[in-house]
Amino acid sequence: MVTVGYAQNSSCACFIKGEVRDQHSGLPVVGATVLIIGQNNGVFTDAQGKYQINNLCPGTYQLECRIVGYTSSLHKIDLTEGHEEDFSIEENEIHLHDVEITAHRTDAPASQPLTTISGSELFRTRGDNLAESLKGLTGVTSLQTGSSISKPVIHGMHSNRVLIMNNGVRQEGQQWGSEHAPEIDPFVATRLSVVKGAAGVRYGSDAIGGVILVEPEELPFNKSLSGEVNLVGFSNGRQGVSSATIQGGIKGFTGFGWRAQGTFKRGGNVRTPNYYLDNTGLSEKNFSLSVGYRLKGFGIDVFYSRFDTQLGIFSGSHIGSVTDLLNVIKNGEPLIKPGFTYDIARPNQNASHNLIKAETHYHFKDGNRIQWTIAQQLNDRNEFDLHRPRNDSIAALNRPELTFKLNTLTNDVVWDHKPIGGKISGQVGVSSLYQYNLMSGRPLIPNFNQFNIGMFWIERYAKNGWEMEAGIRYDYRTLATHRIVRKEKVSTDFTFSNFSGTLGATKNISQTLSARLNVGTAWRAPNVSELFSDGVHHGAAAYEKGDSTLTQEQAINTIASVKYTSNRLTVELGGYYNYIADYIYLKPQPEPMLTIRGAFPYFKYTQTNAVFRGIDLSVDWELIKNLTLTSKLSYLNVYDKSNDSYLVMIPPNRWDNQLKYQLPVLGQVKDAFISVGNLSVARQKRVPANSDFAPPPKAYSLWNLQAGGTLPVSEKNEFEISISVQNLFNTAYRDYLNRFRYYADDMGRQVSLRLKWKFGV
Amino acid sequence: MKMNRKITWMLLFGMTALFTQCKDSGDEVKPDDENELITTVILKFTEQGTTNVSTFKSSDPDGEGGNPPVTDAISLKANTTYSVGIQLLDESKTPAADITEEVEEKSDEHLFIYTASPAALLTYTAEDKDANNYPIGLVGKAVTGTAATGKLKVQLRHQAGTKNGTATPGSDDVNVDFDLKIQ
């Protein structure tokens, strides 16, 4: 708790004092930095987690709390009210308000940029899928397959190069597929964070591009019943989303907390400015349950979630031969243009993901902490091709042409050692992963068994505005694959192992200026599709062939950023240079692949040395009172060093601007605003020659409008509403990272209405 | 510290115990089941008024990838009318599956297109109709032009629910270029 108060007599003798506690355990946090932004005042918490900042003049302050191993938090403190009042009153009577500082644990490396969406900002993305929700962050875009399937892209990397931590568990689906969206319901989370850059030490292999953290709120131990209901309507696709959460403690049983949450989503054919896209409906049903118990330093949480989706895939994207593809490109728009329907027909994909997780921890009295997380995930994916089998009796069964079942068991044991001298903290951990994949249908990827074990050690040191971090990790992985080649079973085994390291520093140069630098490494073993794929990709009209001699990718990423924060201006400028040795990509082959369906362009998985370098810039500037300009620029340049060329499917540069006017208080409505924004995306000019059927699409510029506000009804009841119009002028455009850009335009105008009712008793 | 160690060991033991449920995915490898595969296209030209039959084949018995398909050169007499039949096989299965029957059953979803280039080499007319009175092309008539060489493209268009008598809708199930010699 933070106490804000005034001492007697002098007008510049106000003080702020309080205590910092761990959100999870409620125990005091030792050695946290508490500072006032824009002031030369910063203190550390003592052995009881207490601190005090003295000699403050009346005014409004931003109080920031930074702790090694936790996310930093900002609190607005108002010391203006009541400054004309009697200063001789007792200390306990001059509380202005209590602000709770609960420190939120994070495993994210302290010296790497971490961006979080939560609260109202998250509310305004509700109803969108995970990748779409994150799209507003600098350096983050999405790889789309039509409008319903999107995968997050961080600094130009996606799929197996981006790791998603769903509630502390490494998400394991069929991530290698660019049309396999992460099976996660964003309504589970109250915070979505992105760690940019290689973060291999804490999270293990694959985190070459970055990590996405999907985190729910702490369970409401011993609290009364509360919850929220979200309703979202989208005009395009006539989509409706409803989601509800209810949570509380258990009366008569101290130490318990629980939560139940569920989401329904249903949408129909999406419309571009000029026509509907056939078979682009979707249906989604998700729920999650969690329950936890706390007793002094001990805690246990059990979490179960189920994600279940059925996605129609735009039927015009099924290509039998290259002639078909060239015909669609020549036509300029799809050959089939239906009306609106909610029906989902072939081709479609049905995916479900079950996660059960148990996490238990114990805080020792001396400051040590141990945590064990065990989780099982079952990912079930069925893909239906456009055409049923020709044979009637088989067709009548309506079986999927592809079935994948991926079963994953993960274990993580992490020990946080007690802070040494209040300055050094650290953790060591062991993570293991065991998984097997069963598949049937047309040949695509093999069955496999995979085992991975990793050990890591990270230490962090904080002193005098410096925060330093160093870590090392070792991973060992075995992969046993089984497939049928010419009616014979062939088994191939692989072993991969590697070290990862991280070294970083953060320096608070002054109260307004801070800088950070991180050098991190990460590696990635080739995935089964890169090793073994062999066949025509019907969405891309390409013959893709894997290579079982591929070796692992190794990335060294240097990332630096400078942040300036003052009352009216915040600027964050970051730059990165990510060198990836043996980067795996699909290389066009000079000779086409001949088949009975005609000649297909032939691509083979090949390795090269690539460089990903870029700049992320974000500016928040309060131009005049209540009028704020937010500007975000993402620049990325990717180069293939070995071949002196560029790489395909790299996001073009983008610039996002938003002008927001905070309305004065309107009756009971608070935080009301209106905003207008523009997103400009350049044409991708850096593409290798002769590697594509159509040139990258033209640059585009989209306008949007938003308005929203909050209406408190009572202390614990409030409504939040927002209305937004995306693609305001119904502009016809195509995005380079949409895999359907050959066939059709992107989505037209989209009006969304969001309503949230937050309640409590 | 003693307590710490005890708990750590307990956790590690619990962890190893959970690995006893391993499963070998190699025991459950299912044979590939490509239910749309066509490996072989056989064209049968019968000179009108005779029983002279010429057969030409394009086949890729190992399916897509591996060895490329082997395609015969078609050689026909100039200014002659032929009746043309077509047969499709999946020779990757034993015994080979006859896909022609399946196309015939689903004739309202399929259309064969014969395109000669230059166009003067050969003119093709389908002589069969589906339930909706659209051509199919399982049997047809070809009239050759004067002596010359070129190509004959044979396509099977799969047009589930969209067949309208033209080649435009749907996607290719077969797309083979035969060398064509009219002499």
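A few comments on the model shown:
- Residue-level analysis places A:ILE336 outside the set of residues that are in a loop (DSSP other than H, G, I, E, B) and away from chain B (no Cβ under 11 Å).
- Selection count where residues are over 14 Å from A:SER321 (Cβ atoms), of a type outside the set (Lys, Arg) and part of a strand (DSSP E or B), scope the range B:135-183: 14
- Going through (1) buried (at least 19 other Cβ atoms within 10 Å of the Cβ); (2) more than 11 Å from every other protein chain (Cβ to nearest Cβ); (3) more than 21 Å from A:LYS357 (Cβ to Cβ) one by one, A:MET439 falls short only on (2).
- Residue selected from the range A:111-156 under the condition among the basic types (Lys, Arg) and in a loop (DSSP other than H, G, I, E, B), by the criterion nearest to the chain's Cα centre (by Cα): A:LYS135
- Which listed residue is within 12 Å of chain B (Cβ to nearest Cβ) and either in contact with a Ser or Thr (Cβ under 8 Å, 6 or more places away or on another chain) or on the phi > 0 side of the Ramachandran plot (or both), from A:LEU325, A:LEU397, A:LEU386: A:LEU386
- Hits in the range A:647-681 - residues which are part of a loop (DSSP other than H, G, I, E, B), among the aliphatic types (A, V, I, L, M) and in contact with a Gly (Cβ under 7 Å, 6 or more places away or on another chain): A:ILE650
- Residues of the range A:343-376 satisfying the condition of being within 14 Å of chain B (Cβ to nearest Cβ), assigned to a strand (DSSP E or B), of a type outside the set (D, E, K, R) and in contact with a His (Cβ under 8 Å, 6 or more places away or on another chain): A:HIS361, A:ILE370, A:GLN371, A:TRP372
- Residues satisfying the stated conditions in the range B:156-183, i.e. among the polar types (S, T, N, Q) and either at pLDDT 95 or above or touching a Pro at 6+ places or on another chain (Cβ under 9 Å) (or both): B:GLN159, B:THR162
- Among all positions in the range A:389-398, there is no residue which is surrounded by 18 or more Cβ atoms within 10 Å (Cβ to Cβ), in the same structural domain as A:GLU183 (by TED's automatic domain parsing) and in contact with a strand residue (DSSP E or B) (Cβ under 7 Å, 6 or more places away or on another chain).
- Within the range A:451-501, restricting attention to residues that are within 25 Å of the chain's Cα centre (by Cα) and hydrophobic (A, V, I, L, M, F, W, C), the residue that is nearest to A:SER111 (Cα to Cα) is A:ALA470.
- Scan the range A:644-697 for residues that are at pLDDT below 90, among the charged types (D, E, K, R) and more than 28 Å from the chain's Cα centre (by Cα) and the total you get is 2.
- Residue selected from the range A:573-598 under the condition surrounded by 18 or more Cβ atoms within 10 Å (Cβ to Cβ) and within 12 Å of another protein chain (Cβ to nearest Cβ), by the criterion modelled with the lowest pLDDT: A:GLY598
- Flag if A:PRO695 is assigned by TED's automatic domain parsing to the domain that holds A:THR141 and out of contact with any Asp or Glu (no Cβ under 8 Å at 6 or more places or on another chain): yes
- Candidates B:VAL154, B:VAL70 - the one that is within 14 Å of chain A (Cβ to nearest Cβ), surrounded by fewer than 15 Cβ atoms within 10 Å (Cβ to Cβ) and out of contact with any Asp or Glu (no Cβ under 7 Å at 6 or more places or on another chain): B:VAL70
- Where a residue in the range A:330-344 is not assigned by TED's automatic domain parsing to the domain that holds A:ARG266 and its partner, wherever it lies, is in a loop (DSSP other than H, G, I, E, B) and at pLDDT 90 or above, with Cβ under 7 Å and at least six apart: none
- Exclusive hit being at the interface with another protein chain (Cβ under 10 Å from one of its Cβ atoms) and at pLDDT below 95, set B:GLY63, B:GLY49: B:GLY63
- Filter result for the condition that a residue is in the same structural domain as A:LYS685 (by TED's automatic domain parsing), on the phi > 0 side of the Ramachandran plot and surrounded by fewer than 17 Cβ atoms within 10 Å (Cβ to Cβ), over A:ASN626, A:ASN609, A:ASN637: A:ASN626
The values are calculated or read from the model by the stated rules, or taken from the named source; none is laboratory data. Predicted, not measured: the structure shown is a model, and the values here were computed from it. Every residue, glycine among them, receives a Cβ derived from its backbone with ideal geometry; neighbour counts consider all protein chains shown.
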